[in-house]
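To start, the structure under review is shown below, and the notes come after it.
Values in this text are rule-based calculations from the coordinates and carry no lab data. Note that this is a predicted model, so its numbers are computed, not measured. Please note: Cβ atoms are built from the backbone with ideal geometry, for glycine as well, and neighbour counts cover all protein chains shown.
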């Protein structure tokens, strides 16, 4: 009798979950299939060859010992290494591009969830379509360089929001893994510190409630970053790279790099044939207009936690770009399109605030 009651409760819970989430699950599944096809379409043959940066990324992930010796950007290089077990010989360089597509799809997942949680289903779907089909996203998520790992800042923000909503051990454990993973990406230590301080009360409350699991997760993080700590011990100079800082600093150059961000977004993209072609800006006219509306919406509701989180994420990102280290424009692109999505929702009257 007891078992039958439990089964009935379980069946009822499953029916409720299905009734609640079948539609977003369907939307998400269609989006992932669509963009999976876009990312993999002629992935190895659309361009005439591979760039020097892709060849360097392939070399960095050529073996586990190589990754251990130089763990910078390990999330990307480890993925590339795993794909290199499949793509060999003449197709070897395809492994780094395949690794980039995985991070791209993960970014779209975070984008869709965050957009749905903050602004509603329709805004999330439209925003994900706009972001996923944008030239910068498709190019970065198909180019086999660690630059795509900068998209993971959006995943960090989505994870921190989810952390406040759930107490499922699997989700929380994934948060520990994400935290450790991001420390390998240049410049990400600052957003990780910000999110940790931002969620300090929630983290402490969770630690008191689930002390054993929290300590297990903490030791897991230490184990995952052990190669990074060992590399720092052997070569303290890489601390600068991990922090996303340059070898030297000049105020004039920093201000110039900061001014290039809106210039590249609205006037003329980067003059680098590896990451951008032609004379067009990064954003099209429609995205520019929606960005203005989205920025207005976030400014209007600047007291909300989400507005503060996006503002601080953009501020940290812009400062890192201005410093001229390894952090590039890619770090802000997901947040720019998040504002674009908010602008779309605002104009169609579907943006939740």
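When a/c is below 1.5 the answer is rounded, else prolate if a/b is larger than b/c, else oblate, so apply that to the range 210-337 with a ≥ b ≥ c taken from the square roots of the Cα gyration tensor eigenvalues.
Cα axes put the range 210-337 in the oblate bin.
By counting other Cβ atoms within 10 Å of each Cβ, how are 347, 208 ranked from fewest to most?
Sorted ascending by nearby Cβ count, the order is 208, 347.
Most exposed first by the Cβ proxy, i.e. fewest other Cβ within 10 Å, how do 88, 140 rank? Intermediate results must be reported in sequence, preceding the final value.
On the way: 88 10, 140 24.
Ordered by Cβ neighbours within 10 Å, fewest first: 88, 140.
Per 0.36 nm of contour for each residue apart, how much would the distance between residue 193 and residue 263 grow if the chain were fully extended, relative to their Cα-Cα spacing?
Computed gain between residue 193 and residue 263 is 22.2 nm.
Which FRET efficiency, nearest 0.05, do residue 47 and residue 69 yield, Cβ-Cβ r, R0 25 Å?
The formula returns an efficiency of 0.25 here.
Just subtract the alpha-carbon distance of residue 215 and residue 240 from 0.36 nm times their residue separation and send over the number in nm, one decimal.
Using 0.36 nm per residue and subtracting the Cα-Cα distance, I get 6.1 nm.
Add -39500 (n - 2.57) for each DSSP H run of 4 or more in the chain, then divide by its residues: what number comes out at 222 nm, to the nearest 500 deg cm²/dmol?
-22500 deg cm²/dmol
Given a Förster distance of 41 angstrom, what is the FRET efficiency for residue 311 paired with residue 56, based on the Cβ-Cβ distance and rounded to 0.05?
0.75
Could you calculate the FRET efficiency of residue 88 with residue 230 from 1/(1 + (r/R0)^6), where r is the beta carbon distance between them and R0 is 30 Å, rounded to 0.05?
About 0.55, to the nearest 0.05.
What shape does the range 279-337 have by the C-alpha gyration tensor, where a ≥ b ≥ c are the square roots of the eigenvalues, rounded means a/c under 1.5, and otherwise prolate means a/b greater than b/c and oblate the rest?
Judged from the Cα gyration tensor, the range 279-337 comes out oblate (a/c at least 1.5, b/c at or above a/b).
Roughly how many whole Å is it from the C-alpha centroid of the range 57-127 to that of the range 212-240?
That distance is 21 Å.
Counting other beta carbons within 10 Å of each residue's own, what order do 241, 272, 284, 147 fall into, fewest first? Don't skip to the end; give the middle numbers.
On the way: 241 17, 272 9, 284 13, 147 25.
Lowest count first: 272, 284, 241, 147.
Assuming a ≥ b ≥ c are the square roots of the Cα gyration tensor eigenvalues, decide whether the range 102-166 counts as rounded (a/c under 1.5), prolate (otherwise, with a/b larger than b/c) or oblate.
Numbers: a/c = 3.26, a/b = 1.37, b/c = 2.39.
Since a/c reaches 1.5 but b/c is at least a/b, the shape of the range 102-166 is classed as oblate.
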